[in-house]
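Read through the structure below, which is laid out as structure tokens, and then see the notes.
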Amino acid sequence: MIISAIVGAGFATGAELIAFFGTSALPPIAISVLIGGFLFVVMTAIIYIPKQFNKKIFAPAFFIFFVAMTAGITELVGPIASAAAVVTSILIVWFGFDKMLAANKVLMIFALAILAGLVAANLDGTVIKSDDSSGGWLSGALFALAYAGMNCCILPVIFQQAQKTLPRSDLMVCIFTASVAVSFLCLLILTAIQTNGVQTAAMPVLALSNSIIARIAVLICILTSMFATLFNLHTSEQKNALRLLCLGALGYICSFFGFTKIIGVFYPLVGIALIVYIIFLFGAWVWGLAKSRWLPATPVFRAQADS
């Protein structure tokens, strides 16, 4: 579920990674390690942040992601198929979290296996950096942090749903596994894109392989993330059928702004804004601990302090 929420239109096509790291002078392995590390840190912070955050703050980001997914499908297979995907998303989301989770599990395993294989087949040659490559570890870390914040912003609602049936220890295992998997996929995609010099393509991964199988794999990745994104909007709107239909229609209309423009302009802005908000929440949590003498108000910690 975590991976399906992260691996969407921007990630699966490589456009998102190029928007953030296309001009970075760091090697792909360094970027992938930073991304994996920050994803784990941010997702762990979300688990321990108090649950009383305002979901409405995340709603604009959810909508931007939904628009990007719709635009990605339009770019990939055309506006009619994109409209069908919006309708399918509305139907799947309406039936609830369990149905969406079951659909995403089956589809994502199939899609990621194909995507990883196709990308790995293009890992040959020498890395071709763009002419304006610049920046070192500091800038790379800042972009990786913003990238993690952007990809994790739809997870708080999903984590809250998951914790109703899943112990926190099991959820932490899922978080670690997802961080490693996404980091590995980032390494494959960035390396393949740079060794083949397709950074300027609208969908770099499809510039590597534009076969029907590749398009199907990317399409499935977009759909699973589309389901997760609309689910978050749907949760925020308290299961109102009319609002859900209006959100789907508005997202479809806004998607004609263009896939490349949405990824290149709005994604970095969302990443910066969301990581600032997560840091703010984490700071508020730390301040709360400081006010209670840095100890959670639980019998276990109190007993340890007394001893």
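Here is how the numbers come out for the structure above:
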| read-out | value |
| --- | --- |
| Exposure proxy ranking, count of Cβ atoms within 10 Å, fewest first, for TYR48, TYR147 | TYR48, TYR147 |
| Sequence ranges 23-30, 148-155, ranked by mean other-Cβ count within 10 angstrom, highest first | 148-155, 23-30 |
| FRET efficiency, ALA84 to MET172 (Cβ-Cβ, R0 45 Å, nearest 0.05) | 0.75 |
| Nonlocal amide H pairs with SER24, under 5 Å, H built at 1.01 Å | SER134 |
| Using a Förster distance of 35 Å, the FRET efficiency for LYS261-THR44 (Cβ separation, nearest 0.05) | 0.60 |
| Protection proxy ranking, peptides 244-253, 177-186, 11-20, average beta carbon neighbours within 10 Å, highest first | 11-20, 177-186, 244-253 |
| The range 155-264: trypsin sites (Lys or Arg not before Pro) in DSSP loop, at most 15 other beta carbons within 10 Å | LYS164, LYS239 |
| Footprinting exposure proxy for MET226, MET43, MET172 (fewest neighbouring C-beta atoms within 10 Å first) | MET172, MET43, MET226 |
| Residue-span extension gain [LYS291 to ALA113] - 0.36 nm each, minus C-alpha spacing | 59.2 nm |
| Nearest-0.05 FRET efficiency for VAL180 and ALA121, computed from C-beta distance (R0 25 Å) | 0.70 |
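All of the numbers you see were taken from the coordinates with simple rules; none came from a lab. Note that the coordinates shown come from a computational prediction; the quantities given were computed from them, not determined experimentally. Don't worry about glycine lacking a Cβ; one is built from the backbone with ideal geometry, like all the others, and counts go over all protein chains shown.
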